[in-house]
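Undergrad: Supplied in structure tokens, the structure appears directly below.
The values are calculated or read from the model by the stated rules, or taken from the named source; none is laboratory data. Predicted model, so just to flag it, every value in this text is computed and none were measured. Methodologically, a virtual Cβ is constructed for each residue, glycine included, from the backbone with ideal geometry; neighbour enumeration extends over all protein chains shown.
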Amino acid sequence: MSQENLTKNIFSLSIPVLAMDIVIFTVYKWTLCLIMNQRTEDWSEKWKYILPGWVLRSWVSLEQNFDNILYNRTGIKWVYKEQLYTFWEVDRDPRWHVISVTYYALISSELFLKNVDLTKIHILDYSKIDEIQIWYDHKKIITYAKQRLDWKLEYTNIVKNILSTEFTLSQMQWVYETILWRKLDKRNFRKKISSLNILKETWKLDKSTNRPAMLYSFTDKELKIVGIL
């Protein structure tokens, strides 16, 4: 069924519509960014940007729905994801009553640039979301996701999903500072990271600067609870 026909059928329903929206964070060009779609309908010009999302398919798991929506809306095949919240307010969409199962996702710029379809998405600076025309309550969803990310940065190794596979300690600290919007003491940060035993040396050097530094990678592939900050 075409998107146009599906939309017409949804308008005629007398029950709520179940959908999914995805907040995707990446650090791109030294900035915390969002990956979003642009609306094309004439009537919605006021709301220029929208989260990647769509109506959930029946008889398909949430996992498969997520993968399908992610790929169809962005061209990306894999991200780190967590279910965020279910937004159900009756007036959150002016067209019909939509209940949205939301996720937030993280992807490194390294992986993002290999997978994304740049004809489908827009890369937006998170710090400027108050200046951007964002669809109805999607700004609320984004803010909620950012708060969840901030919390997870403090007590887990979730940052590994937005860093490159190999990185310097300075790059790791910089990513924390970029997302949290605050400076961290370099000496204390390195001392804490060293005490947690979550990194291993790769025995390779980052030669992109005049002072080559050791490259590190994470020891654990899975999410781990650690008191980083």
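Undergrad: Suppose we filter region 192-205 for residues that are in a strand (DSSP E or B), out of contact with any helix residue (DSSP H, G or I) (no Cβ under 8 Å at 6 or more places or on another chain) and surrounded by 10 or more Cβ atoms within 10 Å (Cβ to Cβ); how many remain?
TA: Adding up the residues that qualify gives 4.
Undergrad: Within region 172-191, which residues are in contact with a Leu (Cβ under 7 Å, 6 or more places away or on another chain) and surrounded by 15 or more Cβ atoms within 10 Å (Cβ to Cβ)?
TA: Result: M172, Q173, V175, Y176, T178, I179, L180, R190.
Undergrad: Could you check, for region 121-137, whether at least one of its residues is of a type in the set (K, R) and not assigned by TED's automatic domain parsing to the domain that holds E110?
TA: no
Undergrad: Just give me the residues in region 136-159 being over 21 Å from V98 (Cβ atoms) and in contact with a helix residue (DSSP H, G or I) (Cβ under 9 Å, 6 or more places away or on another chain), in sequence order.
TA: Of everything in region 136-159, those that are over 21 Å from V98 (Cβ atoms) and in contact with a helix residue (DSSP H, G or I) (Cβ under 9 Å, 6 or more places away or on another chain) turn out to be K146, L149, D150, K152, L153, E154, N157, I158, V159.
Undergrad: In region 81-113, which residue that is within 16 Å of the chain's Cα centre (by Cα) and charged (D, E, K, R) is surrounded by the most Cβ atoms within 10 Å (Cβ to Cβ)?
TA: Within region 81-113, the match that is surrounded by the most Cβ atoms within 10 Å (Cβ to Cβ) is K81.
Undergrad: Checking the condition under 23 Å from K81 (Cα atoms), of a type in the set (F, W, Y) and in contact with a Gly (Cβ under 9 Å, 6 or more places away or on another chain), which residue from Y155, Y176 passes?
TA: Checking each option against the conditions leaves just Y155.
Undergrad: For region 72-96, what are the residues that are under 18 Å from K120 (Cβ atoms), among the basic types (K, R) and touching a strand residue (DSSP E or B) at 6+ places or on another chain (Cβ under 7 Å)?
TA: Once the filter is applied, which keeps residues that are under 18 Å from K120 (Cβ atoms), among the basic types (K, R) and touching a strand residue (DSSP E or B) at 6+ places or on another chain (Cβ under 7 Å), region 72-96 yields only R73.
Undergrad: Still on this structure, please answer the following. Take N65 and tell me if it is over 30 Å from M172 (Cα atoms) and touching a Lys or Arg at 6+ places or on another chain (Cβ under 9 Å).
TA: yes
Undergrad: Let me ask something else about it. Answer with yes or no whether E177 is of a type in the set (D, E), without any contact (Cβ under 8 Å) to a residue 40 or more places away in the chain and closer than 28 Å to N210 by Cβ.
TA: So E177 fits the description; yes.
Undergrad: I'm checking my understanding of the structure. Among residues of region 40-59 that are among the basic types (K, R) and surrounded by 13 or more Cβ atoms within 10 Å (Cβ to Cβ), which one is modelled with the highest pLDDT?
TA: Top of the filtered list is R57.
Yes/no per residue for (1) among the charged types (D, E, K, R); (2) in contact with a strand residue (DSSP E or B) (Cβ under 6 Å, 6 or more places away or on another chain); (3) outside the structural domain of A105 (by TED's automatic domain parsing); (4) closer than 23 Å to K128 by Cβ:
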| site | (1), (2), (3), (4) |
| --- | --- |
| K160 | yes, yes, yes, no |
| E166 | yes, yes, yes, no |
| L180 | no, no, yes, yes |
| K186 | yes, no, yes, no |
| F189 | no, no, yes, no |
| T209 | no, no, yes, no |
| A213 | no, yes, yes, no |
